[in-house]
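Computed from the coordinates by the stated procedures, all read-outs in this text should not be read as laboratory data. Bear in mind that the values here come from a model prediction, so they are computed numbers and not experimental data. In this analysis, Cβ positions are derived from the backbone assuming ideal geometry, glycine residues included, and neighbour counts consider all displayed protein chains.
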Amino acid sequence: MKLKKLLLKQQPIACLIIIVILNSCKKEKATTTTASVSPVTIGLYEYASDGNKRIFIPVTQIGTQSLTYYEVFDTGSSGMTIDASGILPASMISTSGIQVTGDSVVVNGITVTSKTGTVSYGDATGITKEYGNLAYASIKIGNTSGSYTFKRVPIFLYYKIIDSDGKQLSAHSADVFGVGPGESYANGAVTSPLRYFDTGTSLTSGFKLATLNSSSFSASGTYVSGLLTMGLTSSDLSSSSFIMHPLTYSSSGGYSPNIPGTVTYSGKTISAQFLFDTGTPSVTVIEDKLATNALGQLPANSEVTITTSKGFTYTYTTSSTGNLTEIQNPNNTADYRTILSIDFFIKNEYLTDYSNHQIGLKNN
């Protein structure tokens, strides 16, 4: 099946500020712990169009409904967002919101609460807003080559999305499967669905992302097996050559995926806060507060080196078709993060350990 292109190609998905006003009724996770389990590995779809690359994860069941939606697999945000169209009855959805009587209602196996919120994507140069409700449901991911069902996870069901020009975007144009280590700024209800993987007593909560296959990105979407592994083993955390980076906790947003370090480009080295983001489709953004001249894209054949505070180093060279890199000033964007685009994941492996609050990076 041809994958639908996400319309927000000019706004890095994980260059986002989640402003979810969800004064949620906190619900306990419904989990059944198995004594000893093995990691589960599934494939993802690699997609490319107009110079943008995406990786999509298939969602084939929500609540009691069998369906197929492809969500952007996003290491830079936390929580699953999906359009309510086609999931809830049309009679429940209006231009002013999702109609819920009382505290919550159960429809098609989905508990839709009356708690509303807004998710904002972008930075000071342009904001796109998503409006919806907090909900809970079991979800199934993957396909016939490998799948997994999460028993009950919090999700954000949106009913409309408005871009920075005031235009309402089409249904399902911003469905995101956020696997970052953080949480909703309001109450922590919406977090990565992968946290709900049953680790039993033998695994650690988290995931590994194998290096992406550069030749598999296509306009029709190519299924690549074995990219995502859920559940971490002791060897993943101790003897697999990942360089681990402890994460910083904030009372708003939980554990941040940002990693301190330095970036070297055009003969100078500056401090940085790195976000390694599969949701940024094409252009790495270096935030340089000293960049007072005209800002813009580095020319082809420019060399960039990033070095984290824990000694992970990666050097790449820009070209006209890949590793595109732009210099911005945080005084203009109001965003201080240097964001590595999806091209980073073609050469490097990535690991998130939810239990111990750390991110692992590994040169391939």
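For the chain, what is the calculated [θ] at 222 nm in deg cm²/dmol (nearest 500), taking -39500 (n - 2.57) for each run of four or more DSSP H residues and dividing by its residue count?
Details: 3 runs with 13 residues, N = 364.
The helix contribution divided over the chain gives -500 deg cm²/dmol.
Rounding to the nearest 20 debye, state how big the charge dipole of the stretch 254-363 is about its Cα centre with +1 on each Lys and Arg Cβ and -1 on each Asp and Glu Cβ. Intermediate values should be presented prior to the final figure.
On the way: 6 positive and 9 negative charges, 41 e Å.
Roughly 200 debye, rounded to the nearest 20.
Restricting attention to the stretch 262-364, which trypsin sites (Lys or Arg not before Pro) occupy a DSSP loop and are surrounded by at most 14 other Cβ atoms within 10 Å?
Values: sites: Lys268, Lys289, Lys310, Arg337, Lys347, Lys362; in loops: Lys289, Lys310, Arg337.
For trypsin sites (Lys or Arg not before Pro) across the stretch 262-364 that sit outside H, G, I, E and B with at most 14 neighbouring Cβ atoms in 10 Å, the list reads Lys289.
How many angstrom lie between the Cα centre of the stretch 33-69 and the Cα centre of the stretch 214-273?
18 Å
Between Ser320, Ser114, Ser202, find the one with the highest GNM mean-square fluctuation for the chain; connect C-alpha pairs within less than 10 Å.
Ser320
With both bridge residues required to lie in the stretch 275-346, what share of the DSSP beta bridges run antiparallel, to the nearest 5%? Walk me through the intermediate numbers first.
Details: 8 of 15 bridges.
That works out to approximately 55 percent antiparallel.
Distance check, please: which entries in Lys208/Lys347; Lys140/Lys167; Lys208/Lys268; Lys53/Lys160; Lys115/Lys151; Lys53/Lys167 exceed 26 angstrom between their Cα atoms? If you can, show how the numbers build up before the last one.
On the way: Lys208/Lys347 14 Å; Lys140/Lys167 32 Å; Lys208/Lys268 33 Å; Lys53/Lys160 24 Å; Lys115/Lys151 21 Å; Lys53/Lys167 24 Å.
Where the Cα-Cα span goes over 26 Å, the pairs concerned are Lys140/Lys167; Lys208/Lys268.
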